[in-house]
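Below: the structure, in structure tokens.
Here, each number is a calculation from the coordinates, and none is a lab measurement. Small disclaimer: the values here were computed from a predicted structure and weren't measured. When we count neighbours, we look across all protein chains shown, and the Cβ atoms used for this are built from the backbone with ideal geometry, even at glycine.
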Amino acid sequence: MASSTSLAKRLLLGRPFRSDRLQHTLLPKRIALPVFASDALSSVAYAPDEILLTLSIAGAGAFIYSPWITLAVAVVMATVVASYRQNVHAYPSGGGDYEVATVNLGPRFGVAVASALLVDYILTVAVSISAGLANLGSVVPFVAEHRIGVALAAIAVLTALNLRGLRESGTAFAIPTYAFIVVMLGMLLTGLVRVYVLGQDLRAPSADVVIEAETHHLTSFAFVFLLLRTFSSGCAALTGVEAISNGVPAFKPPKSKNAATTLMLLGGIAIAMLTGMIMLARATHLQYVEDPLVQIVGGPDNYVQKTVVTQLGETVFGNGSILLYVVGVVTALILFLAANTAFSGFPVLGSILAQDRYLPRQLHTRGDRLAFSNGIIFLAVAAMLLIVAFDAEVTRLIQLYIVGVFVSFTLSQAGMIRHWNRLLRTQRDPGARRRMVRSRSINTFGMAMTGAVLIVVLVTKFLLGAWIAIVFMLILYALMLAIRKHYVRVAQELEPSEERPVLPSRNHAVVLVSKVHKPTLRAVAYAQATRPDTLTAVTVNVDDKDTRTIQAEWERRQIPVSLTVVDSPYREITRPIIDFVKSVRRGSPRDVVTVFIPEYVVGRWWENLLHNQSALRIKTRLLFEPGVMVTSVPWQLQSSQDRDLDRLDRGLSRAPARGPRTRPSNGVPVVVAAAPPTDPPEEQK
């Protein structure tokens, strides 16, 4: 029977996949769209909020600029989408911005892009989950009261879904994502038709509130600065676009074409939703402020400001309508699932960085379900810490946001320009040259746009919290360079030389003795079987009575190995053994000392706390001694017998069986070799 831990893992994650099933986890466009595009699509749920609340600082009259701000954001989004379509065709391997910057600008630029993207992925999870709670809390008060606990639970569910594997998580996310698209477009279309076609006077719940500006008599410069800050907040709608370029390997062939098509669909739907939200908000006189208790004049003390999506849903469908709750639920779902874009992109990028030795190698390996499990878990833990630290408040988290993504946007487009310039120097076909020149023009315009936005973001948001994200990027940048330096140094040290290895002149064996029992006798017998040049048994004299008992039993059994007693006046065990081993080897640098340590093998976790602690300390210390080899001689206690059989069963269940396995009467498992396979019948060939 499987252990409880193993059973829980199988229930949550499913049965493990064989490596040759990786091809079956690739995504068609209809599944790839909700997997990779949910972040950008969900931005319509909080980008309009950020645009309006920033403008509210100057009073209700400033809302007239919201359509122009939205138009500028839409132009930037269209430019970025067009630019990244060139990226996915030129670099389909999945490195995305990191690969583009590394190949064309150099490794350090690539690491800068990677650090920015990793920080932005973590913030994507935190912001998306927090925004989802804000929308769901508008219709379900319980969620608003317990938003941190609900946020942590949501991240845990997303983690489990992604650990099950990409295709299964994509299938689970497809229905709510498409439901969000249908509901949002239906709501916007219904509202715009009622206002502009039927001429109905729709008024949002906040249309009649009186807003007092936080700052009166803004100078021209200050007002322009406010508009730039609003624009930078609205540019949060662009986050998630880069995830498709990082996830090209997850698409079904033709990978580049399918990724480019999905990217175009993403851009079109996101722009339509964002502009539709702002148009309907202006038509219904919707108002949204940064601090309702301060800015709303004459409002009730218990006034709760609903999100823009919730207010539009109430305006179009009516207060208490079932469709209003549908809007709230699907909006919260898409925001929760938007975090899945980061869960899809972060582990892939982490795996590529680990392969290039900029991150620990553990991030490069796939788990039981062919997902990058370590990267998924790391992302989840980091996002949970952010949720707790910032109290799951979108307005506080949004100030840290989008800095990283625009750093990667700008450097990626600069790299693509150099990519096209390099190809144009050798390309002679006129048609191919025209296509390259067109692509270079798109990337040049994209770099100019994203670079300008990056400057605006840094200027307007630095003191509001963007500096925190920049500090994390710098720390991560330095950490990745240090990890790379370590791996390079280790590889150089391990590189074999042309000289033949020098054999040790002599091998001195030392058997550690704590008592004269079966594990000790086995260790002595095994040490004798290795035929060392010298063999000594060593015990540490911590208690005189116990030491005399060991000596008497050693002599009574007439063990043909000398027993050396090392005194320890301070009752320490590790230091006297280390000193003894050093003294044995001190005579010749070509000699080696092999230390045999008897160890118990137990079957229960709590038994490990009761045994092997001294052996573990000694072994750990000896590993740092040059010229010393450490050999563990296991002695299996009765409790380990069933555990060993369980481990063997699990191993056989994941590999082709080699024959029947039986348990004889003495309790020792025996593997019986299978008969040689015969040729299959002719009809099966």
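Points 7 angstrom from Cα along the Cβ direction at residue 505 and residue 556: gap in nanometres?
The answer from the label model is 4.2 nm.
Sorted by packing (mean other beta-carbon atoms within 10 Å per residue), highest first, where do 111-122, 352-363, 192-203 land?
The packing order, highest mean first, is 111-122, 352-363, 192-203.
Label residue 208 and residue 319 with points 7 Å out from Cα along Cα→Cβ: what is the distance between them in nm?
So the label points at residue 208 and residue 319 sit 1.0 nm apart.
With only alpha-carbon pairs counted, each pair once and no self-pairs, how large is the Kirkwood hydrodynamic radius of segment 297-427 in angstroms?
Mean inverse Cα-Cα distance, inverted, gives 19.1 Å.
Sorted by average packing, counted as other Cβ atoms within 10 angstrom per residue and highest first, what order do 423-432, 389-398 take?
So the order, starting with the most tightly packed, is 389-398, 423-432.
Measure off 7 Å from each Cα along the Cα-to-Cβ vector at residue 635 and residue 522, then give the distance between these two points in nanometres to one decimal.
Result for the modelled spin labels: 0.8 nm.
Please list, in order along segment 394-403, the HN-Hα scalar couplings obtained from phi with the Karplus expression 6.51 cos²θ - 1.76 cosθ + 1.60 (θ = phi - 60°), rounded to whole Hz, x for Gly and Pro.
These are the phi-based 3J(HN,Hα) values: 5, 4, 6, 6, 5, 5, 7, 7, 6, 5 Hz.
How much length is gained on full extension from residue 157 to residue 64, taking 0.36 nm per residue of separation minus their Cα-Cα distance?
Length gained between residue 157 and residue 64: 29.4 nm.
What order do you get for 483-492, 230-239, 178-187, 590-599 when each peptide is scored by the mean count of other beta carbon atoms within 10 Å, highest first?
230-239, 590-599, 178-187, 483-492
Of 252/485; 515/619; 545/619; 518/619; 485/582, which ones are farther than 28 Å apart at the Cα?
252/485; 485/582
Fully extended, how many nm does the chain gain between residue 93 and residue 471 (0.36 nm per residue separation, minus their Cα-Cα distance)?
Length gained, residue 93 through residue 471: 133.1 nm.
Using 0.36 nm per residue of separation minus the Cα-Cα distance, give me the extension gain between residue 534 and residue 571 in nm, one decimal.
10.6 nm
Name the long-range amide H neighbours of residue 207: under 5 Å, sequence gap of 5 or more, or other chain; modelled H, no Pro or chain starts.
The list, which skips near neighbours in sequence, is 287.
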